[in-house]
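The structure appears below as structure tokens.
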Amino acid sequence: MCKNPHEKVKVLKELDEVLGSDPKKSIPFESLDRLKYTEAFIKEVLRLNPVLPFLWKMATNDDTLGGMKWKAGTSVFINVYGTHTHPNNWERPEEFIPARHLEEHKMKADRNAYIPFGGGPRLCPGKNFAMATLKLLTALLFRRFDIELVDKNAPLKTSFTMVRHCEELKVNIRPKIPIAG
Ligand code: HEM
């Protein structure tokens with residue numbers, strides 16, 4: 001949000017239009033479905049910063065995939081970040097363009113090129129819950145607070161174990177309205 005102020009404005013506008021201008025009003029669950037641009041924004045964050053940059057699978061049987069033979073027991077790593085940024089899959093892959101995830105947008109990539117929640121039988125069962133939570137968090141934070149990065153140009157400090165973690169994020173936070181209590 002802080003690195004892309006022109007996109008932040010569009011998200012804030014949508015939050016205002018869909019949820020109203022009073023940030024103290026509760027957010028009905030149904031209204032989350034109408035936050036189309038906010039959802040596209042979150043999807044674009046997950047494209048460029050997948051929580052799981054790699055997926056690990058093992059061939060249970062001998063198989064042929066991508067024109068190659070895979071013996072049973074072979075480990076297969078799926079490069080999620082590579083798939084999310086491959087120029088064969090995406091127009092201007094390095095750019096942060098949330099609109100590419102909107103239904104009507106012609107920059108839409110093949111659905112198999114976008115796998116932040118995995119795919120197939122092991123697709124993340126928490127996908128919809130995670131998206132709803134992320135939209136809610138975005139709305140709760142950015143409607144109540146002005147949040148700016150202390151250093152806009154500092155690289156994001158992340159580490160990687162099973163998933164990618166943010167190690168440190170220095171921000172300035174200012175309330176937009178006086179908060180009771
Ligand atoms: C932004 C949030 C999340 C992301 C990016 C994410 C991503 C993923 C991915 C990529 C997989 C597939 C792993 C694989 O194929 O090896 C997965 C599996 C899984 N996720 Fe999530 N997840 C998220 C949130 C959640 C939440 C909130 C829950 C539970 C409420 C959840 C529960 C699970 C479970 C149980 C599996 C294993 C499914 C299986 O193996 O059949 N995830 N997740």
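Give me the angle, in degrees from 0 to 90, between the Cα long axis of helix 36-48 and the longest principal axis of the Cα atoms of the chain, rounded to the nearest 10.
For 36-48 against the chain, the angle is about 50 degrees.
Segment 1-73: which trypsin sites (Lys or Arg not before Pro) are DSSP loop and have at most 11 other beta-carbon atoms within 10 angstrom?
When the trypsin sites (Lys or Arg not before Pro) of segment 1-73 are filtered for loop state and at most 11 Cβ neighbours within 10 Å, K3, K24, K25, K71 remain.
In whole angstrom, and with the biggest value first, how far do the Cα coordinates of segment 1-96 range along each principal axis?
For segment 1-96, the Cα extents along the three principal axes come out at 59, 30, 18 Å.
Using a simple spin-label model with points 7 Å from Cα along the Cα→Cβ vector, what separation in nm is obtained for N153 and E104?
Result: 3.8 nm between the two label points.
What residue among E91, E148, E168 shows peak mean-square fluctuation when the chain is described by a Gaussian network model with Cα springs under 10 Å?
Looking only at E91, E148, E168, the biggest GNM fluctuation is shown by E168.
Identify, among L48, G67, A109, the residue whose Cα sits farthest towards the positive end of the charge dipole of the chain, taking +1 on the Cβ of Lys and Arg and -1 on the Cβ of Asp and Glu, with the dipole about the Cα centre.
Looking along the dipole axis, the top candidate is L48.
Between the alpha-carbon centers of segment 38-90 and segment 100-127, tell me the distance in whole angstrom.
Spelled out, the Cα-based centre of one part sits 12 Å from the other.
Taking Cα atoms, how many degrees apart are the long axis of helix 127-144 and the longest axis of the chain, rounded to 10 and kept between 0 and 90?
Tilt of helix 127-144: around 30 degrees.
Along each of the three principal axes of the Cα atoms of segment 1-57, give the extent in whole Å, ordering the values from largest to smallest.
Here the spans come out as 45, 26, 17 Å, largest first.
Over the residues of the chain, compute the C-alpha Rg and express it relative to 2.2 N^0.38 Å. Walk me through the numbers before you get to the answer.
On the way: Rg = 19.0 Å, N = 181, 2.2 N^0.38 = 15.9 Å.
Ratio of Rg to 2.2 N^0.38 Å for the chain: 1.20.
Whose amide H sits under 5 Å from the amide H of F96, counting only residues 5 or more places off or on another chain, with H placed in the peptide plane?
Those qualifying (amide H under 5 Å, at least 5 residues apart or on another chain) number zero.
If one takes the longest principal axis of the Cα atoms in the chain, at what angle in degrees, from 0 to 90 and to the nearest 10, does the Cα axis of helix 5-19 lie?
Helix 5-19 sits roughly 70 degrees off the main axis of the chain.
Under the 0.36 nm per residue contour assumption, what length would be gained going from the current alpha-carbon distance of T60 and E167 to full extension?
Stretched out fully, the T60 to E167 stretch lengthens by 34.9 nm.
For segment 107-121, in order, what is each residue's ³J(HN,Hα) by Karplus, 6.51 cos²θ - 1.76 cosθ + 1.60 with θ = phi - 60°, in whole Hz (x at glycine and Pro)?
Per residue, the Karplus-derived 3J(HN,Hα) values read 7, 4, 8, 3, 5, 6, 8, 10, 9, x, 10, x, x, x, x Hz.
Here, each number is a calculation from the coordinates, and none is a lab measurement. None of the values given here were measured: they were computed from a predicted structure. Ideal geometry is used to build each Cβ from the backbone, glycine not excepted, and the neighbour counts take in all protein chains shown.
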